[in-house]
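Q: Please read through the structure below; I'll follow up with questions.
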């Protein structure tokens, strides 16, 4: 893998979300594993080894905004599980000069990342305008920002972020694959 440069690198948590055998030739993919620590480590290693010009995150999300479905482009990501009040407001890391939100190359939706599976209503999520929740994007965006690599994220709504989310996600985890491929073809031709 060393000394390779890739135009566009896909980072996805799990092989069940996007099967590399269906990707066009020459597209790199890294499976980060679930959660912010795994995503951080995988993104650092991928940037170091592959030197991508752009990172595209594909993955699944639970929806907070009930009107959403299908494939969404994420415009902004924040942390939903950084809770250090009174040292800093929820979502912000205390004593840290890094941004507490990251903007992508495009998209209108807000994603809240945290190391938990959302299974119940959380009024804070709605108060922040969060549309969807995941477990990796904030980490990927944080590292991309640190290394000055532009990023985009496309998320497939797999569940309703409620008590049945685990079962819904298991049944729908791979349903976004065809939509990801269509989006990838668009990105490659742009």
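Q: Which of the strands (runs of 3 or more DSSP E) contained wholly in segment 75-151 include at least 3 residues that are crowded, with 16+ Cβ neighbours inside 10 Å and modelled with pLDDT of 95 or more?
A: 109-113, 132-134
Q: For segment 167-181, which positions are touching a strand residue (DSSP E or B) at 6+ places or on another chain (Cβ under 8 Å) and farther than 30 Å from residue 48 by Cα?
A: Step one: of segment 167-181, the residues touching a strand residue (DSSP E or B) at 6+ places or on another chain (Cβ under 8 Å) are 168-169, 172-173, 175-176, 179-180.
Selection gives 168, 169, 172, 175.
Q: Can you find even one residue in segment 26-39 that is touching a residue at least 40 places away in the same chain (Cβ under 8 Å), out of contact with any strand residue (DSSP E or B) (no Cβ under 7 Å at 6 or more places or on another chain), under 19 Å from residue 177 (Cβ atoms) and assigned to a loop (DSSP other than H, G, I, E, B)?
A: Scanning segment 26-39, I find at least one residue that is touching a residue at least 40 places away in the same chain (Cβ under 8 Å), out of contact with any strand residue (DSSP E or B) (no Cβ under 7 Å at 6 or more places or on another chain), under 19 Å from residue 177 (Cβ atoms) and assigned to a loop (DSSP other than H, G, I, E, B), so the answer is yes.
Q: Within segment 163-184, how many residues turn out to be within 14 Å of residue 64 (Cα to Cα) and touching a residue at least 60 places away in the same chain (Cβ under 8 Å)?
A: 1
Q: Do you know which of the residues in segment 19-57 that are within 21 Å of residue 171 (Cβ to Cβ) and modelled with pLDDT under 95 is surrounded by the most Cβ atoms within 10 Å (Cβ to Cβ)?
A: 19
The values are calculated or read from the model by the stated rules, or taken from the named source; none is laboratory data. What you see is a predicted model, and the numbers here were worked out from it, not measured in a lab. Cβ atoms come from the backbone with ideal geometry, glycine included; neighbour counts cover every protein chain shown.
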